[in-house]
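Just below is one structure, and these are the notes that go with it.
The values are calculated or read from the model by the stated rules, or taken from the named source; none is laboratory data. If you're wondering where the values come from, they're calculated on a predicted model, not measured in any experiment. Virtual Cβ from ideal backbone geometry, glycine too; neighbours counted across all protein chains shown.
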Amino acid sequence: MKLATRVVFKILNTFSEWAKAFDNDRANQEAAGIKAIFRGVSETDSSTVMAILEAEQ
């Protein structure tokens, strides 16, 4: 069964830098059985990021 998990965390670089690195690692994510459903940055705090990931339980 696949489960979606919401992860909220802080980053030290810009969101665009982080998103580029995250997107460039997609092959490793998929190889590990992880599917990124959503990734975004807080409207009020540019160092807070949220990702929703789906993976087998």
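Table for the structure above
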quantity: A19 being under 21 Å from A4 (Cβ atoms), modelled with pLDDT of 95 or more and more than 13 Å from the chain's Cα centre (by Cα); calculated: no
quantity: Exclusive hit being of a type outside the set (G, A, S) and touching a helix residue (DSSP H, G or I) at 6+ places or on another chain (Cβ under 8 Å), set I11, I34, I52; calculated: I11
quantity: Subset of segment 4-13 (residues that are closer than 14 Å to L53 by Cβ, surrounded by 11 or more Cβ atoms within 10 Å (Cβ to Cβ) and among the β-branched types (V, I, T)); calculated: T5
quantity: Scope segment 14-35; condition touching a strand residue (DSSP E or B) at 6+ places or on another chain (Cβ under 9 Å), surrounded by 12 or more Cβ atoms within 10 Å (Cβ to Cβ) and in a helix (DSSP H, G or I); matching residues; calculated: F15, W18, A19, F22, R26, Q29
